[in-house]
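Remarks on the structure that follows.
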Amino acid sequence: MPENETRARLSAKRIVKKDVTTYPRIIERIEDWPIYRLSKDRNEFIREIDEFTYNRLVRRHKKDLADVLVKTIYQERIRIKEDPWKVDPPNERSFWNRISKRLIKKSLDRQDTEAVQVAEEILQKIIHRYSEEIVGTFQIPTFRFAQRFLTAFFNRLFNAAVGKNLRAIFRGRRHLYERLNVVGDVETVRELFKHGTVVILPTHSSNLDSILVGYAMDQIMGLPSFSYGAGLNLYNFGPAAYFMNRLGAYRVDRRKKNPIYLETLKTMSNLSIQRGVNSLFFPGGTRSRSGELETEPRWG
């Protein structure tokens, strides 16, 4: 089919009744979305994270690696004791106790080759534990169920008469699209996907932002799903954990501030973008009650 004819047909699909504009998918098959391909290659992706993070930390802390490990282990044991969460793995305490004993068992003489080797092995174990925790998955059946569920959910949420008319819950997408106001340079955003990886930086005003923004980008703008960060504390709630684990979220634990965790998290984001996975995150780091653009984004 000629290119001009193809574009004409795609443009025609954008017009929906009652002035509601929707766009065809940029990538029609979900199996071709970067986030799905990354999920299918999760084990290899984690191996890349482990290797990249390990090499960077060894180079950076060549002379004080043992000190970094001791500090990390200490902070993690304090976290487990003073601020445990339901979502924490059941073997958290035993893991950190075990590697602590192994580290102490060796004299951490920087000239002792065996001691250095033990320190590097422990570093690898810690990095791998963090990368396994951080990286999520993207499951197509869960995504399709979420599309149907969120349509009903947002129909109910945005319908002021729902208390009087329960049928509003089950109204279709078109009814919902009339209530979702998507404005701006949508065509420009869509065009960016032809040139590289796209990073979306929305303002953050409510707990529904990630869900609502993602839904609008998928159902109205025709964009493939984005990777997004979710606080690990949200995984304490079973249903939320189930969906986020399967819809492209990566886990962020704000309790962990040691350099090994932060480097692993940064590496995951870096390599994910290099693999062409589009990313969404809130530069303010928390909710803005006013809804205004943040003047001091958290660059870290």
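The values are calculated or read from the model by the stated rules, or taken from the named source; none is laboratory data. All values reported here derive from a predicted model rather than from experimental measurement. Glycine also receives a Cβ, built like all others from the backbone with ideal geometry; neighbour counts cover every protein chain displayed.
Summary of computed values
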{"quantity": "Subset tally (residues that are of a type in the set (A, V, I, L, M, F, W, C), at pLDDT 70 or above and over 19 Å from Gln147 (Cβ atoms)) for segment 166-195", "calculated": "5"}
{"quantity": "Condition met for Lys71 (farther than 24 Å from Thr267 by Cβ and not assigned by TED's automatic domain parsing to the domain that holds Asn245)", "calculated": "no"}
{"quantity": "Candidate set from segment 98-113 (those that are at pLDDT below 80 and of a type in the set (D, E, K, R)); member that is surrounded by the fewest Cβ atoms within 10 Å (Cβ to Cβ)", "calculated": "Lys105"}
{"quantity": "Of all residues making up segment 200-240, the number that are part of a helix (DSSP H, G or I) and touching an Asp or Glu at 6+ places or on another chain (Cβ under 9 Å)", "calculated": "2"}
{"quantity": "Checking Arg275 against (1) crowded, with 17+ Cβ neighbours inside 10 Å; (2) touching a Leu at 6+ places or on another chain (Cβ under 8 Å); (3) not aromatic (Phe, Trp, Tyr), the condition it does not meet", "calculated": "(1)"}
{"quantity": "Lone unmet requirement of (1) in the same structural domain as Phe52 (by TED's automatic domain parsing); (2) touching a helix residue (DSSP H, G or I) at 6+ places or on another chain (Cβ under 8 Å) for Thr142", "calculated": "(1)"}
{"quantity": "Enumeration of residues in segment 198-218 that are under 15 Å from Val277 (Cβ atoms) and surrounded by fewer than 17 Cβ atoms within 10 Å (Cβ to Cβ)", "calculated": "Val199, Ile200"}
{"quantity": "Qualifying residue in segment 12-33 (condition: part of a helix (DSSP H, G or I), modelled with pLDDT of 95 or more and exposed (fewer than 15 other Cβ atoms within 10 Å of the Cβ))", "calculated": "yes"}
{"quantity": "Pair list, Cβ < 9 Å and 6+ apart or interchain, from segment 119-138 residues that are closer than 18 Å to Leu271 by Cβ and in contact (Cβ under 8 Å) with a residue 24 or more places away in the chain to residues that are of a type in the set (Lys, Arg) and outside any helix (DSSP H, G or I)", "calculated": "Tyr130/Lys256; Glu133/Arg251; Ile134/Arg251; Val135/Arg251; Gly136/Arg251"}
{"quantity": "In segment 89-106, residue nearest to Glu132 (Cα to Cα) [restricted to those that are within 31 Å of the chain's Cα centre (by Cα) and either in the same structural domain as Leu232 (by TED's automatic domain parsing) or outside any helix (DSSP H, G or I) (or both)]", "calculated": "Pro89"}
